[in-house]
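Participant: Sharing a structure below in structure tokens format, with a few things to ask.
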Amino acid sequence: MKLGRKLARLGSAGPGSRAPSAAQPAEPEACLRDDDASSAGAPGGDARGGDVLGDGMLGGDVLGGRAPRPGGHSSGGDVPGGHSSGGDVPGGDVPEGAPRGCHDGGAGAPSGAPGIDPARRARIRRLQRSLDALVSKGRSEMRARPSGPADAGDALAAALRSSAPTPRIPPSGRSLPGARVSTPYGPVHQVEHWLEPHHAHGVVPVTSALEAESPLVASLALDPAFREIDLSRALFIDTETTGLSTAAGTLAFLVGVAFFEDESLCVQQYLLTELGREAPMLQLLAERIRAASCVVSYNGKSFDWPLLRARYVMNRVAAPPLPPHLDLLHCARRVFKKRLDSVRLVDMERELLGFVREHDVSGAEIPGIYLHFVRSGDPGRLDGVVEHNGHDLIALAAILGELAKRFRDVRREDDPLDHLGYAKVAERAGDAERAARFASAAAAGGGDEECTLEALLLAARVARRSKDVEAEERALLTALGTRAAPRVHLELAKLYEHRRKDPVRALSHAMTTCPAEALEERERRLKRLAGRLARHNVRKRPR
Amino acid sequence: MSAGGSTGGSRRGPRGAFGGARRKPWASGARGLQGVLAEWERSGVFRNVALDHTAPPRPAKTAPIPEALPEGVRQALTAKGVEELYAHQARALELGRAGRSFVVATPTASGKSLCYNLPILETLAAEPDARALYLFPTKALARDQEEALKALLREAGLPHGAITFDGDTPGDARRVAKERSGVLLSNPDMLHAGILPHHTGWARFFANLRYVVLDELHTYRGVFGSHLANVVRRLKRIAAFHGASPTFVGASATIGNPGEHAERILGEPVEVLAESGAPTGPRRVLVYNPPVVNEDLGIRASYLKTAVRLTADLVKAGVPTLVFGQSRNGVEVMLKYLRDRLRGEPGLGDEAIHAYRGGYLPKQRRAIEASLRSGDIRCVVATNALELGIDIGSLDAVVCAGYPGTLAGTWQRFGRAGRRESPSLGVLVTSSAPLDQYVAREPGRLVDAPVEEARIDPDNVEILVQHLKCAAFELPFEEGDRFGDLPVESLEEALGFLTHHGVVHPTAGADGRQVWHWATDAYPANGVSLRSVGWDNFVIIDLDTDQTIAEMDWRSTHTMLHEQAIYQHAAEQYQVERLDYENHKAYVRRVKPDYYTTAMTHTKVTVLEEDQGAVLPLQKPLAVGLGEVTVVSKVVGYKKIKFHTHENVGYGDVHLPEMQMHTTAFWLTFPEALIQSFALREGVQRAAVVDALRGLLDAMHVLAAMGLMVDPRDLGKTLEDQQDPAAGRGPGAEAARGFDATLFLYDRVPGGIGLAPRIFDEREALLRRTRASIQGCDCGSGCPACIGPDVGVDMEGMRSVPRKALVLRLLDAVGLPQVH
């Protein structure tokens, strides 16, 4: 039998396959053809109103013909979606009628470089150079004046707009957020926005991350590598993917990073607009990572980073050496697992930041939305995905700040279980003083008996390690008053035997340690104490 | 095949951990092997012996250990007492050095593992980063080999570890496996679902992959083999992506076509090492056919009891004996009988007789093997677990209770007997089953006939498509890429199909070439089981424990998991209480019935396209064909069959949707005119002739399955006849004028697995063999061993000629006389 005949009779291609539709797109890559490869790296022929030329690595990129940088714009719509109107698209506001994104005219439109006249190309290069200069100046100086790059961008955009083709309206009537920027590695489709320094996610300003002291973060992360880290150079990373596995066939189609420049958080999202063109964005990411002091993620240790590492291998791009990696999921879990059943990012957002997302794209929908775009060229709800990712990145910074803030000093208003969680983290990190503070706050916080008991035992442990017998005894006796639990008796037995050298009391506690210690061990203890008691009495008698 | 290398090479002196020398020889009993044989001759056992054949001894052919071998490797060999290599081992080393892929297909216990271990050790000694991948068909085999290999590496002074990577490997060991271990032992399923999709994490492993060993290559046939061939295609792609092109080494038990089979699996030419340089002693082979106890039904004395009796004689005489049963149940029964029989004999307590079967933990296996070597165990009763290369050393006698189904399998079992050059005995006790009786009737085939060939079809469309999905997931396809030896046009056709179904998405690559990317959120390998076709398996849930006890493919579900069916699993019986067809779940409960059920299926075959046609050159030419067919089957009911007596004790209805399958079929047509004239001449009704054809089909089915080395269940059979009210459409005939009675034999794997084309090629031999088989059967009018018992169709007063005679006369009429 011929294969074709057999294939024709196969009903389905199995899991993952879709019923073939009659209207399969005839030109699968109608959108976003990489057509500037021939034009000396400058996307000259790619006349899109919103495109800005720049090296893409810099904070100064401008989107949509407008610079949504601190102070540089009038409207408050600098946050992806979220608080303002639902229709707000991350990636800045595009002037009505300005073409953007992918639909550069399809077949009929003059999209190729060949038609461009040399004078115009020279002009574009000149503008690009000046833009680069401006931007790098902005980076080296304190801060680029917002008007600078924006002006350059406007000028450039105006130059380009003159030959902008009519955009093709996608079926959903929605457009692709962001724009393509050219980078030394090739074109990358990027969505970028800058948050104002006072921008808050929920009730927490994102800049709170800048206030986190590195030793505190090192304790929080249980990773000494963070002790000397300059957190102002942290890179926040979050990806959106086509699947849940980290195997070779899963793509990180949206790689979002966020980093501070001074007080402003810059959110940059690299969107894979065409399958197989990942290398430039991976290289861009590598450059970002190399420049960063550390990486901050949520579940990135077991998901995002392994997946990205796979993408580097698949695309034969050298993966950057990963600087210290702070996985906030692990931190949050350590602190909050007692109190919260779930410590997903959105749970933390709600609990710590008081932020509740509205109209958020659910994680389960994301692969489908992207694959719809890949197959049809219709961005559909990709803007929602970009927004979702943007929220995640901003939340990362705010959560880091808030986690550190609550760890810095005991806050009476927090739940005693949280204090206990922090006390445990501090204990594990070897920060005895902080552990003691949080433990006593947890014990005194009016939580349930178990919480109090655990806090007191922890306090006793810490006191023992710092050889503070008084404090240890105090904590244990308070614990005993809370509940005469065998493990409290056991600790008291040890205290009186070894530190107080008081076999009488030790023995009385040792009688009731079951089942906190194994039978044989208890027997040995009792025997030993009986012996000590005898000697003790002998010593006492002459007196 | 010897996992631990029961015969590492030509050796003198004691063997180490690598070998299996018995430290304490069993007390040679009063009589020993020769004594038992003499006793059997005296007592008339030989009256029922259908074959008594002695294979002559074969001297060793050796070659010196090459001077160039690294010192450490030489020392490892010396430590194992290997002072010379067998000729085939020396040749294997040469081929490995030349980077040429080869397959070793020498008999059991001829030192096959050294054939691949030696070149690999040498490579590892020269290249510290080199890696090798060993694949075994089961987890147990890999774990068995791991220890032996570790010891070998240690003795050769090589720092490369060996580690088993399968579903049971813990997390930190997995990391070691990925990053450091020189030799990775695994199974095809793990490679398919656990390694290849994650190849980016194995970049170092793949980049340095020098050798891939496929042991027990003969087990990869049919569906499993077709899957494996595709896994190999994927493996090669991934290795190439990481810059490696490993040498492949296969090791196979004796099969008819080791080279062709290996080439089909590997998709590249291979050298075949089929001649063993290992010595063997004289091997006597007996086929014992228990006497008939019920002439009418063709029932013979119990083969299990007979096997037990013969084994007991051997064990009592001090002959270490290995008994093979066909099922776990059979093994348990024989174990009990043997212990009962031998209890009270000195040194033959219960602990001296042991069972050995799949499902034992490695530790238990090691303990049994050690006791066998030390002589504490005198007799082992095993399922075919031992066939898969577990090292228990060698014994003096092997008794097979029941024909293992293939000549190759039989010789593999017999190969377990024979300690180096000493004489050995292999006894096959045949059951009443058709195949067994065929062997008993023509026992000479055991010695003369070529052993079976292994068949696979890597291009089976359903299997291929699933693996292309996995492959696309692992690495996008680029225009011009190859997928093993699949023709480029076919590959692009298949990718087009996957594109059409939204599984892959084509884009223009950097250099203008088309690139097909994976474009769904599924993880395709999870949906593909290498042991079955398709992806829509049913799970079987035990209602008492709420545990999933097994999975079954959709097709088998209809016949085996319909409601009220008795499902047999691990020697337990379960009744299906509810079949949730929508959600692919069958709920069962353990029962102890005195019957089992068989489904009654109505099958209709329709020819879609005839690929080849021919005419059998007989007096009355018969048309045969090969082509693509639709098989529609519907389970209409079931029968309850009583255990042991096989009485029919009841019926039930089944209501399940019909199943449709496209596959390949072989067909043989008897012209209506011939049937009519034959009926007239014989004075029987037409229906009687059709019934005789049905008997002929049954016999052909058994022989075809035997010749193809497949489970008879893999081969479907049906007779289409115009007078059948539900008749389909015959080959090349219009429905209007009806069609001639046609016998179909088809592949029961969707898409076909290459069985029907083989039947077509050997159609004449098959027909002649069928005739010989029917004629040679001792029964009067047809029995389960030939054309089925003469009770099938109720035709009062219609049959003046017995069914069997009718079949034979019909064959005479078409001019197919008995050949010998």
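Participant: Please find, among A:Phe407, A:Phe355, the residue that is under 25 Å from A:Leu235 (Cα atoms), part of a loop (DSSP other than H, G, I, E, B) and open to solvent by less than 20 Å² (accessible area, probe 1.4 Å). Spell out how you get there, then give the answer.
Facilitator: Details: A:Phe407 fails: part of a loop (DSSP other than H, G, I, E, B).
Going through A:Phe407, A:Phe355 in turn, just one is under 25 Å from A:Leu235 (Cα atoms), part of a loop (DSSP other than H, G, I, E, B) and open to solvent by less than 20 Å² (accessible area, probe 1.4 Å): A:Phe355.
Participant: Give the residues of the stretch B:308-327 that are among the polar types (S, T, N, Q) and open to solvent by less than 10 Å² (accessible area, probe 1.4 Å), sorted by residue number. Spell out how you get there, then give the answer.
Facilitator: Step one: of the stretch B:308-327, the residues among the polar types (S, T, N, Q) are B:311, B:321, B:326-327.
B:Thr311, B:Thr321, listed by residue number.
Participant: Which condition number does B:Val293 fail, the rest of (1) free of Cβ contacts under 8 Å to residues at least 60 places away in the same chain; (2) in a helix (DSSP H, G or I) being met?
Facilitator: Unmet for B:Val293, out of (1) free of Cβ contacts under 8 Å to residues at least 60 places away in the same chain; (2) in a helix (DSSP H, G or I): (2).
Participant: Would you confirm whether any residue within the stretch A:261-278 is in contact with a Lys or Arg (Cβ under 7 Å, 6 or more places away or on another chain) and open to solvent by less than 20 Å² (accessible area, probe 1.4 Å)?
Facilitator: Looking through the stretch A:261-278, at least one residue is in contact with a Lys or Arg (Cβ under 7 Å, 6 or more places away or on another chain) and open to solvent by less than 20 Å² (accessible area, probe 1.4 Å).
Participant: Part of a loop (DSSP other than H, G, I, E, B) and free of Cβ contacts under 8 Å to residues at least 24 places away in the same chain - does that describe any residue in the stretch A:438-445?
Facilitator: Applying the first criterion (part of a loop (DSSP other than H, G, I, E, B)) to the stretch A:438-445 yields A:445.
After this cut, where a residue has to be free of Cβ contacts under 8 Å to residues at least 24 places away in the same chain as well, the list is none.
No: the stretch A:438-445 contains no residue that is part of a loop (DSSP other than H, G, I, E, B) and free of Cβ contacts under 8 Å to residues at least 24 places away in the same chain.
Participant: Let me ask another. Let me confirm something: among B:His467, B:His517, which residue is outside the structural domain of B:Arg264 (by TED's automatic domain parsing) and either at pLDDT below 90 or assigned to a strand (DSSP E or B) (or both)?
Facilitator: Numbers: B:His467 fails: either at pLDDT below 90 or assigned to a strand (DSSP E or B) (or both).
Selected residue: B:His517, the only one of B:His467, B:His517 that is outside the structural domain of B:Arg264 (by TED's automatic domain parsing) and either at pLDDT below 90 or assigned to a strand (DSSP E or B) (or both).
Participant: Something else about it: Against the condition over 24 Å from A:Asp238 (Cβ atoms), part of a loop (DSSP other than H, G, I, E, B) and either at pLDDT 55 or above or in contact with a helix residue (DSSP H, G or I) (Cβ under 9 Å, 6 or more places away or on another chain) (or both), how does A:Ser163 come out, does it pass?
Facilitator: Numbers: over 24 Å from A:Asp238 (Cβ atoms): yes; part of a loop (DSSP other than H, G, I, E, B): yes; either at pLDDT 55 or above or in contact with a helix residue (DSSP H, G or I) (Cβ under 9 Å, 6 or more places away or on another chain) (or both): yes.
Yes; evaluated as a whole, the condition is true for this residue.
Participant: From (1) in a loop (DSSP other than H, G, I, E, B); (2) open to solvent by 20 Å² or more (accessible area, probe 1.4 Å), pick out the condition that doesn't hold for B:Glu493.
Facilitator: B:Glu493 satisfies every listed condition except (1).
Participant: Being of a type in the set (D, E, K, R), modelled with pLDDT of 85 or more and out of contact with any Pro (no Cβ under 8 Å at 6 or more places or on another chain): is that true of B:Arg373 here? Outline the logic, then answer.
Facilitator: Values: of a type in the set (D, E, K, R): yes; modelled with pLDDT of 85 or more: no; out of contact with any Pro (no Cβ under 8 Å at 6 or more places or on another chain): yes.
So B:Arg373 fails the test.
Participant: A further question follows. Here are some conditions: (1) within 9 Å of chain A (Cβ to nearest Cβ); (2) within 21 Å of A:Glu278 (Cβ to Cβ); (3) open to solvent by less than 20 Å² (accessible area, probe 1.4 Å). B:Asp521 meets all but one. Which one does it not meet?
Facilitator: Unmet for B:Asp521, out of (1) within 9 Å of chain A (Cβ to nearest Cβ); (2) within 21 Å of A:Glu278 (Cβ to Cβ); (3) open to solvent by less than 20 Å² (accessible area, probe 1.4 Å): (3).
Participant: So in the stretch B:158-176, with the set limited to residues that are touching a helix residue (DSSP H, G or I) at 6+ places or on another chain (Cβ under 8 Å) and of a type in the set (A, V, I, L, M, F, W, C), which one is nearest to B:Thr138 (Cα to Cα)?
Facilitator: Per the criteria, the residue is B:Phe165.
Participant: If I filter the stretch B:442-472 down to residues being touching a strand residue (DSSP E or B) at 6+ places or on another chain (Cβ under 8 Å) and open to solvent by 10 Å² or more (accessible area, probe 1.4 Å), which single residue comes out as nearest to the other protein chains (Cβ to nearest Cβ)?
Facilitator: Applying the filter and picking the extreme gives B:Asp459.
Participant: On to the next question. From the list B:Ala599, B:Ala586, pick out the single residue that is more than 14 Å from chain A (Cβ to nearest Cβ), under 28 Å from B:Thr138 (Cβ atoms) and of a type in the set (A, V, I, L, M, F, W, C). First the steps, then the outcome.
Facilitator: Details: B:Ala599 fails: under 28 Å from B:Thr138 (Cβ atoms).
When all the criteria are applied, what remains is B:Ala586.
Participant: OK, next. Within the stretch B:654-671, restricting attention to residues that are modelled with pLDDT under 90 and not in a loop (DSSP other than H, G, I, E, B), which residue is surrounded by the fewest Cβ atoms within 10 Å (Cβ to Cβ)?
Facilitator: B:Gln660
Participant: I'd like the full set of residues that are closer than 18 Å to B:Ser677 by Cβ and modelled with pLDDT under 60, limited to the stretch B:800-820. Lay out the reasoning, then the answer.
Facilitator: From the stretch B:800-820, those closer than 18 Å to B:Ser677 by Cβ are B:800-801, B:805-816; that's our starting set.
Of everything in the stretch B:800-820, just one residue is closer than 18 Å to B:Ser677 by Cβ and modelled with pLDDT under 60, namely B:Ser800.
Participant: Another question about this same structure. Kindly provide the set of residues from the stretch A:412-437 that are under 25 Å from the mean Cα position of the chain (by Cα), without any contact (Cβ under 8 Å) to a residue 40 or more places away in the chain and either in a helix (DSSP H, G or I) or closer than 18 Å to A:Ala212 by Cα (or both), ordered by number.
Facilitator: A:His419, A:Ala423
Participant: So which residues in the stretch A:468-515 are in contact with a helix residue (DSSP H, G or I) (Cβ under 6 Å, 6 or more places away or on another chain), in a loop (DSSP other than H, G, I, E, B), open to solvent by less than 60 Å² (accessible area, probe 1.4 Å) and not acidic (Asp, Glu)?
Facilitator: Correct list: A:Thr513 only.
Participant: In addition: Of the residues that sit in the stretch B:425-447 and are assigned to a helix (DSSP H, G or I) and closer than 11 Å to B:His53 by Cα, which one is farthest from the chain's Cα centre (by Cα)? Break it down into steps so the answer makes sense when it comes.
Facilitator: Taking the stretch B:425-447 as the starting set, the residues that turn out to be assigned to a helix (DSSP H, G or I) are B:434-441, B:444-447.
Right, trim to closer than 11 Å to B:His53 by Cα and you get B:444, B:446-447.
Numbers: B:Gly444: 22, B:Leu446: 18, B:Val447: 20 Å.
The residue in question is B:Gly444.
Participant: Quick one: what pairs do we get from the stretch B:503-520, first residue polar (S, T, N, Q), second open to solvent by less than 10 Å² (accessible area, probe 1.4 Å) and part of a strand (DSSP E or B), C-beta under 8 Å, 6+ apart or different chains?
Facilitator: Going by the 8 Å Cβ cut-off, the qualifying pairs are B:Gln514/B:Thr507.
Participant: While we're on this one: Pairs, please: C-beta under 7 Å, at least 6 apart or cross-chain, first residue within 24 Å of B:Ser422 (Cα to Cα) and in the stretch B:36-54, second surrounded by fewer than 18 Cβ atoms within 10 Å (Cβ to Cβ) and of a type in the set (A, V, I, L, M)?
Facilitator: Correct list of pairs: B:His53/B:Val447.
Participant: Pick out, from the stretch B:561-606, the strands (runs of 3 or more DSSP E) lying fully within it that include 1 or more residues that are open to solvent by 70 Å² or more (accessible area, probe 1.4 Å) and closer than 30 Å to B:Arg694 by Cα. Don't jump to the end; show me each part of the working.
Facilitator: Details: elements: B:566-569, B:572-580, B:585-591.
The strands (runs of 3 or more DSSP E) meeting that bar are B:566-569.
Participant: Sticking with this one: If you go through the stretch A:308-340, how many residues are part of a loop (DSSP other than H, G, I, E, B) and either over 17 Å from the mean Cα position of the chain (by Cα) or within 14 Å of chain B (Cβ to nearest Cβ) (or both)?
Facilitator: Initial filter on the stretch A:308-340 (part of a loop (DSSP other than H, G, I, E, B)): A:315-324, A:337-340.
Subsequent filtering for residues that are either over 17 Å from the mean Cα position of the chain (by Cα) or within 14 Å of chain B (Cβ to nearest Cβ) (or both) retains A:315-321, A:337-340.
Counting residues in the stretch A:308-340 that are part of a loop (DSSP other than H, G, I, E, B) and either over 17 Å from the mean Cα position of the chain (by Cα) or within 14 Å of chain B (Cβ to nearest Cβ) (or both) gives 11.
Okay, residues lined up against (1) facing chain A (nearest Cβ under 7 Å); (2) not hydrophobic (A, V, I, L, M, F, W, C):
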site	(1), (2)
B:Phe477	no, no
B:Gly484	no, yes
B:Glu492	no, yes
B:Gly509	yes, yes
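Participant: Just one of the numbered conditions (1) out of contact with any Phe, Trp or Tyr (no Cβ under 6 Å at 6 or more places or on another chain); (2) touching a residue at least 12 places away in the same chain (Cβ under 8 Å); (3) basic (Lys, Arg) is not true of B:Arg175; which one?
Facilitator: Condition not satisfied by B:Arg175: (2).
Participant: May I pose another question? Search the stretch A:256-279 for residues that are farther than 21 Å from A:Trp305 by Cα and pair each with any residue that is open to solvent by 10 Å² or more (accessible area, probe 1.4 Å) and among the acidic types (Asp, Glu) when their beta-carbon atoms are under 8 Å apart and the residues are at least 6 apart or on different chains.
Facilitator: Partner pairs satisfying both residue conditions: A:Ser264/A:Glu196; A:Glu274/A:Glu29; A:Glu274/A:Asp34.
Participant: Also: Considering B:Leu214, B:Leu209, B:Leu228, which residue is at pLDDT 95 or above and out of contact with any Pro (no Cβ under 7 Å at 6 or more places or on another chain)?
Facilitator: Numbers: B:Leu209 fails: out of contact with any Pro (no Cβ under 7 Å at 6 or more places or on another chain); B:Leu228 fails: out of contact with any Pro (no Cβ under 7 Å at 6 or more places or on another chain).
Testing whether each residue is at pLDDT 95 or above and out of contact with any Pro (no Cβ under 7 Å at 6 or more places or on another chain) leaves just B:Leu214.
The values are calculated or read from the model by the stated rules, or taken from the named source; none is laboratory data. Bear in mind that the values here come from a model prediction, so they are computed numbers and not experimental data. Neighbour counts are summed over all protein chains in view; Cβ atoms, including those assigned to glycine, are modelled from backbone coordinates with ideal geometry. Side chains are part of the model used for accessible areas, which takes the heavy atoms of the whole protein and leaves out ligands, DNA and RNA. Shrake-Rupley method; radii C 1.70, N 1.55, O 1.52, S 1.80 Å.
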